[in-house]
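The values are calculated or read from the model by the stated rules, or taken from the named source; none is laboratory data. Nothing here was measured: the structure is a model prediction, and the numbers come from that model. Neighbour counts are summed over all protein chains in view; Cβ atoms, including those assigned to glycine, are modelled from backbone coordinates with ideal geometry. Just so you know, the surface numbers come from the protein's heavy atoms only, side chains and all, with ligands and any DNA or RNA stripped out. Shrake-Rupley method; radii C 1.70, N 1.55, O 1.52, S 1.80 Å.
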Amino acid sequence: MNPLFKDLGVGVGLRPAHRSIFLESPPKSVSWVEVVTENYMPWEKEGWGKSFQMLSRIRKNFPVALHGVSLNLGSVDTLDPHYLFRLKQLVNQIEPVIISDHLAWTGINGETLHDLLPLPYTQEALNNIIFKIDQVQNYLGRRILIENPSSYLEFKNPEMSEVEFLKQVLKAADCGLLLDINNIYVSSVNHGFNPKEYLKEIPGDRVGQIHLAGHSDQGDHLIDTHDAPVDPKVWDLYNYSLELFGVKSTMLERDEKIPEWSELEIELLNIGVIQNEFIKSNRTSDLASRIHSPSATL
Amino acid sequence: MLHASIRHQQPYDELFEVIKEAPPISSQKRIDIYRRAYQIRLSECLREDFTDTCQKMGEVAFEKIIQMYIDEIPPKTSQLAEYSEGFVEYLKNSSGDVYETAAKEWMVILSQRAQEPLYKLTSDQIQMGEPYLIQLHPATQIKKLVHTTVVSYRLNEEIFFLDVEASESHWIVYFREPRSLDDLKGLIGKGEILEEELMNLLFQWMKKEIIYCLPPFAKQNDFYRF
Ligand SMILES: [Fe+2]
């Protein structure tokens, strides 16, 4: 059976600071890039910008994933038709390999807080977001990916856990999962759950992409700041995800204190190293199990 | 409820009834994480876009006015960058100087952001007889401020300003639409502008890339397709 999503290799969240590198001497350390959708969409009055022109040129050499932060899927507001229209314009021009947004809401009554706010994990909220994702997918004519967000508060009396909610969304909306390993870790510390148990619940065939990022430690809680290298505990969880799901398209997000490209590249290369080690050890264990099985042939 | 609490920077008692109390972090502190993030996000966006305005007003006054703006006018656009546009209008009631500085800063952002036209004819091509239209360069912005009308334009990736008289601004606006040589001949024929005056303006504007020449089939929103 064909997998729902193919492995694109190692990618990076492309930020303006590194755009010229991608334009002038495309790096070999990544095979695809992810950009924040809203930074490239045409503006309501001004239309397309120079950043979009640059992205079109980068697209010549790299598949592009469009990662949105403003679809506002979890809100009770109806979807914003202007936003959807502009998103589709961008999709038509860039032909992205992945389109994603978040399991969150960003505002109500037409106001936006430009933040990813947590949902109450209830049947009502579930039905609402499934309906919205369905609308978006119908409008774009393709499957999108939904990212598990990091969160700092939970609502009382949930009807299910976040991961259960997520699983039901993936199944009912027939969408993919953008699995953010750092977000799981951040939320697990902030809410006191076991991140490995969370990962174990995830249906691997739905994972279309993985995010890795750094966070900041505030003493009694973590904040998903994307301003530091990936934490060793997050690397451990990434290793665990490989055991569970195998190698998936993985990329690094860095939004603050953006280092020189050469420094970021060290982390990117590390993703490849971890993936290769996993593949090698998997082959070895596969071989070992075949040697020890009575019907083995070499 | 959560939205209102974050937006108005006030805790609501009802909110504590729906948020799970999970020590060691209090519910108040959990809400505060979102409230602080909202404030920082918006104020950083404004501070980044209006550094000259901040300098002109002074740190204390600037901080006060951005707080008032954030409190009174919530963002409604899906792109945070567009939030700054409303701030310029908000400053209209401040002193003229402050408003002009902010308006010009926003013009710089727009001039920088504008895409480069995909089809641009060179003077050699024009002299070889290629048909062409004349239009404002996408980076050119024109705005009427308190005392003057100002044009911002992009030349070799740098942004410059030009103060223009009412008559000149009238003709700059005219080139928002692509114009052919026949259009220009028509203007001269009807005596709306003297040929020499028009030629002089076009020469100056062309040199500064306030306007550019495009082939008749091109549209300003054409872009490079990968
Ligand atoms: Fe993420």
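If you check B:Glu158 against the conditions, is it assigned by TED's automatic domain parsing to the domain that holds B:Glu209, over 19 Å from the mean Cα position of the chain (by Cα) and open to solvent by 60 Å² or more (accessible area, probe 1.4 Å)? Judged against the criteria, B:Glu158 is not a match. Scanning segment B:99-143 for residues that are of a type in the set (Lys, Arg) and either within 13 Å of another protein chain (Cβ to nearest Cβ) or not in a helix (DSSP H, G or I) (or both) gives B:Arg113, B:Lys120, B:Lys143.
Scanning segment A:56-85 for residues that are in a helix (DSSP H, G or I) and either within 9 Å of chain B (Cβ to nearest Cβ) or in contact with a Leu (Cβ under 7 Å, 6 or more places away or on another chain) (or both) yields A:Ser56, A:Arg57, A:Ile58, A:Arg59, A:His82, A:Tyr83.
Looking only at residues in segment A:119-131 that are open to solvent by 10 Å² or more (accessible area, probe 1.4 Å), in contact (Cβ under 8 Å) with a residue 40 or more places away in the chain and more than 14 Å from chain B (Cβ to nearest Cβ), which one is nearest to A:Lys171 (Cα to Cα)? Here the answer is A:Ile130. When A:Asp236 is tested against (1) away from the ligand (no atom under 15 Å from the Cβ); (2) more than 27 Å from A:Pro63 (Cβ to Cβ); (3) away from every other protein chain (no Cβ under 14 Å); (4) surrounded by 18 or more Cβ atoms within 10 Å (Cβ to Cβ), just one condition goes unmet, and that condition is (4). When B:Ile25, B:Ile19, B:Ile33 are checked against the criterion of being within 7 Å of chain A (Cβ to nearest Cβ), open to solvent by less than 30 Å² (accessible area, probe 1.4 Å), closer than 15 Å to A:Ile223 by Cβ and more than 38 Å from the chain's Cα centre (by Cα), B:Ile25 stands alone in meeting it. Is segment A:130-141 home to any residue that is assigned to a loop (DSSP other than H, G, I, E, B), out of contact with any helix residue (DSSP H, G or I) (no Cβ under 8 Å at 6 or more places or on another chain), away from the ligand (no atom under 15 Å from the Cβ) and modelled with pLDDT of 95 or more? Yes: one or more hits.
Residue pairs whose Cβ atoms lie under 8 Å apart, sitting 6 or more positions apart in sequence or on different chains, and linking a residue in segment A:160-188 that is more than 14 Å from the ligand (Cβ to nearest atom) to a partner that is of a type in the set (Asp, Glu), are A:Val163/A:Glu201; A:Glu164/A:Glu201; A:Lys167/A:Glu201; A:Ala173/A:Asp134.
For segment A:256-277, indicate whether the set of residues that are touching a His at 6+ places or on another chain (Cβ under 8 Å), within 16 Å of the ligand (Cβ to nearest atom), open to solvent by less than 70 Å² (accessible area, probe 1.4 Å) and in a loop (DSSP other than H, G, I, E, B) is non-empty. Yes, that holds for at least one residue. Across segment B:15-59, the number of residues qualifying as free of Cβ contacts under 8 Å to residues at least 40 places away in the same chain, closer than 25 Å to B:Val108 by Cβ and not acidic (Asp, Glu) comes to 8. Report whether or not A:Lys156 is over 28 Å from B:Arg35 (Cα atoms), away from the ligand (no atom under 15 Å from the Cβ) and either surrounded by 15 or more Cβ atoms within 10 Å (Cβ to Cβ) or not acidic (Asp, Glu) (or both). Spelling it out, it is not the case that A:Lys156 is over 28 Å from B:Arg35 (Cα atoms), away from the ligand (no atom under 15 Å from the Cβ) and either surrounded by 15 or more Cβ atoms within 10 Å (Cβ to Cβ) or not acidic (Asp, Glu) (or both). Considering only residues that are within 15 Å of the ligand (Cβ to nearest atom) and either within 12 Å of chain B (Cβ to nearest Cβ) or outside any strand (DSSP E or B) (or both), look in segment A:203-215 and name the one that is nearest to A:Leu268 (Cα to Cα). This residue is A:Gly214. Looking at A:Leu145, A:Leu116, A:Leu140, just one residue is among the aliphatic types (A, V, I, L, M) and open to solvent by 40 Å² or more (accessible area, probe 1.4 Å), and that residue is A:Leu116.
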